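Q: Below you will find the structure I want to go over with you.
The values are calculated or read from the model by the stated rules, or taken from the named source; none is laboratory data. Computed from a predicted model, the values in this text were never measured in an experiment. Cβ: placed from backbone, ideal geometry, glycine included. Neighbour counts: every protein chain shown. Ligands, DNA and RNA are excluded from the accessible area calculation, which covers all protein heavy atoms including side chains. Shrake-Rupley method; radii C 1.70, N 1.55, O 1.52, S 1.80 Å.
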Amino acid sequence: MHRYHINVFWSDEDGCWIATAPDLEFVSAHGDTPAQAVSELDVAIEGCLAVLREDGQPVPEPRYRSEAA
């Protein structure tokens, strides 16, 4: 399981919840609930990491921390 920080927010434009991982710039997911968006993001992150490993690319270390952390 990854240790990346996850942001979750409502998007009026898209009409759904969006989840992003700031350490993985182009990885995001959406869902009808915050939990669904996070669940979908977990799948996307694992897929991204698998591709990076398969391609011999470096896997980014979790670095992002929210100001509240």
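Q: For the range 9-66, which GluC sites (Glu not before Pro) are in a loop by DSSP, counting at most 13 other Cβ atoms within 10 Å?
A: Glu13, Glu25
Q: Something else now. Would you indicate which of (1) 13.6, 38; (2) 22.8, 66; (3) 12.5, 38 is the value of Rg and Dmax of the Cα atoms in Å derived from the coordinates of this structure?
A: Here Rg and Dmax of the Cα atoms in Å agrees with entry (3).
Q: Using a 1.4 angstrom probe on heavy atoms only, work out the carbon and sulfur share of the accessible area of the range 1-50 in %.
A: Of all accessible area on the range 1-50, carbon and sulfur atoms account for 53 percent.
Q: Along the charge dipole of the chain, which of Gly56, Val8, Gly31 sits closest to the positive end, that is, farthest toward it, with unit charges on the beta carbon of Lys, Arg, Asp and Glu (+1, +1, -1, -1)?
A: My answer, from the dipole projection, is Gly56.
Q: If you average the sequence gap of Cα pairs under 8 Å that are 6 or more apart and divide by the length of the chain, what percent do you get for the contact order?
A: 28
Q: If you don't mind, there's one more thing I want to ask. Nearest 500 deg cm²/dmol is fine: what mean residue ellipticity at 222 nm does the chain get from its DSSP H runs of n ≥ 4 alone, each adding -39,500 (n - 2.57), divided by its residue count?
A: Using -39500 (n - 2.57) per qualifying helix, the result is -10500 deg cm²/dmol.
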